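Below you'll find the structure, written out as structure tokens, and then a few comments.
The values are calculated or read from the model by the stated rules, or taken from the named source; none is laboratory data. Treat the numbers as computed from the prediction; the structure is a model and nothing was measured. We place every Cβ from the backbone using ideal geometry, glycine too, and count neighbours over all the protein chains shown. Surface areas here come from the heavy atoms of the whole protein model, side chains and all, with no ligands, DNA or RNA. Shrake-Rupley method; radii C 1.70, N 1.55, O 1.52, S 1.80 Å.
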Amino acid sequence: MKETIMDPAGFAKEIQIPLYNEILEKIKSRYQKKGGKEYEREIMSIELVYNVINSKTLSVLKLEKLLKNLHYFYWGLIEVNYDKKKIYESIKCIKKSRTLLKKFWINYRNEILAANNSKEMKSLSREARGRMISSIKKCSKSLEYLRNLVITMSSFPGLDPYRKTLIVAGPPNAGKSTIVSTITNAKTKIASYPFTTKDIIIGHFTLDNGQVIQVIDTPGLLDRNINEMNEIERKAISALKYLDGLILFLMDPSKEAYMNLDKQINIINDIKSIILNKKIILLINKIDLLNEIEIKDIEKAINESANKLNFEAYYKISALNKKELIDLINNIVKSNLLAS
């Protein structure tokens, strides 16, 4: 059974990928002439190079194991700025170097032991060190690429991709943060979203049956037209399709809304085009600010757009009414998320 990596950021922080120059400096700092017989000194010199490179690149094997056990969601984040093929080519380069390293160590040690004189021993030792260092030098760009990858992975948000998830979306000032803070109480936390200047808000909502689901808000990402997003932001959003969840889209029908209703509807279409496979539930917020005529106009506009939007359902709410909001979220989750 595939091992589940629940906290890739924590694992990544423990992986230290060295650069080629750092390996070289480590070799130089430890290299010194020692006493003993000639063959012993020369063998020790190549053993030093072998040990440094071997130990320093062991972290690449740890990275490989981590990558093999990553959820698709995290791979989605990685592939925003990194090429999967290049990642594994980089790992392959270093693994090949490690294989050559061991081969050089064994072969040259035996050749030094069989050498006829001091000059031959020194020549073999110098050649061995050169070939060992050259093998890892060829991977210098690979080491740099993997180090940058690990740095990025260490900033991954602490999402559990295996947990049922509510993804909260909608235009600015629609009340997303109010809803998230209301249903998750004080359990929310802020985490960086890789590759963007945005943060995500992560919380947990406990259903009336005791089950806990994940709630995330992505301010600055799911709140505007796709044409206003750069490629990195679109790719970062697309990673959300790998989460087991549904989208709560908040609409702001008030006169003070950041954008008109047509633009809000367009955002819904954009989200569907990027995330593809998620159910969308519309929450018409701030209903307490509207009169009956305004409410009917809003419902008419939404109903006319129903076929185009292909949403599951819509509800009129006021995020300020905590009890009704929590009851509604309970029903939505049970009917649309837990039942799927």
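Quick look at the numbers
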quantity: Residue that is nearest to Leu248 (Cα to Cα), among those in the stretch 296-311 that are touching a Lys or Arg at 6+ places or on another chain (Cβ under 9 Å) and either of a type in the set (Phe, Trp, Tyr) or in contact (Cβ under 8 Å) with a residue 40 or more places away in the chain (or both); calculated: Phe311
quantity: Elements of type helices (runs of 4 or more DSSP H) contained in the stretch 3-104, each with 3 or more residues being modelled with pLDDT of 95 or more; calculated: 20-30, 38-56, 58-68
quantity: Test set (1) at pLDDT 85 or above; (2) closer than 23 Å to Leu240 by Cα; (3) over 31 Å from the mean Cα position of the chain (by Cα); (4) in a helix (DSSP H, G or I) - Lys334 fails condition number; calculated: (3)
quantity: Residues of the stretch 236-253 classified as assigned to a helix (DSSP H, G or I), open to solvent by less than 20 Å² (accessible area, probe 1.4 Å) and touching a Leu at 6+ places or on another chain (Cβ under 8 Å), total; calculated: 3
quantity: Among the candidates Ile293, Ile284, Ile298, Ile275, residue that is in contact with a Phe, Trp or Tyr (Cβ under 7 Å, 6 or more places away or on another chain) and not hydroxyl-bearing (Ser, Thr, Tyr); calculated: Ile284
quantity: Single residue of Ala115, Ala128, Ala169 found to be hydrophobic (A, V, I, L, M, F, W, C), in contact with a strand residue (DSSP E or B) (Cβ under 7 Å, 6 or more places away or on another chain) and touching a residue at least 40 places away in the same chain (Cβ under 8 Å); calculated: Ala169
quantity: For Leu283: the one exception among (1) at pLDDT below 85; (2) among the aliphatic types (A, V, I, L, M); (3) in a strand (DSSP E or B); calculated: (1)
quantity: Set Ile267, Ile295: member being touching a helix residue (DSSP H, G or I) at 6+ places or on another chain (Cβ under 9 Å), closer than 16 Å to Pro171 by Cα and outside any strand (DSSP E or B); calculated: Ile267
quantity: Positions within the stretch 270-292 being touching a helix residue (DSSP H, G or I) at 6+ places or on another chain (Cβ under 9 Å) and open to solvent by 40 Å² or more (accessible area, probe 1.4 Å), in sequence order; calculated: Lys272, Ser273, Leu276, Asn277, Lys279
quantity: Residues of the stretch 45-74 that turn out to be free of Cβ contacts under 8 Å to residues at least 40 places away in the same chain and either in contact with a helix residue (DSSP H, G or I) (Cβ under 8 Å, 6 or more places away or on another chain) or crowded, with 18+ Cβ neighbours inside 10 Å (or both), as a count; calculated: 6
quantity: Lys296 being among the basic types (Lys, Arg), more than 26 Å from Ser181 (Cα to Cα) and more than 34 Å from the chain's Cα centre (by Cα); calculated: yes
quantity: Test: residue in the stretch 254-263 that is without any contact (Cβ under 8 Å) to a residue 60 or more places away in the chain, open to solvent by 20 Å² or more (accessible area, probe 1.4 Å), on the phi > 0 side of the Ramachandran plot and not in a helix (DSSP H, G or I); calculated: no
quantity: Selected residue (criterion: modelled with the highest pLDDT) from residues of the stretch 316-327 that are open to solvent by 80 Å² or more (accessible area, probe 1.4 Å) and under 34 Å from the mean Cα position of the chain (by Cα); calculated: Lys322
quantity: Filtered residue count, the stretch 197-235, keeping only those that are in a loop (DSSP other than H, G, I, E, B) and either out of contact with any strand residue (DSSP E or B) (no Cβ under 6 Å at 6 or more places or on another chain) or open to solvent by 40 Å² or more (accessible area, probe 1.4 Å) (or both); calculated: 15
quantity: Given (1) among the hydrophobic types (A, V, I, L, M, F, W, C); (2) at pLDDT below 65; (3) more than 27 Å from Leu338 (Cα to Cα); (4) out of contact with any Asp or Glu (no Cβ under 9 Å at 6 or more places or on another chain), index of the condition Phe195 fails; calculated: (4)
quantity: Qualifying residue in the stretch 134-144 (condition: over 17 Å from Tyr50 (Cβ atoms), open to solvent by 50 Å² or more (accessible area, probe 1.4 Å) and at pLDDT 95 or above); calculated: yes
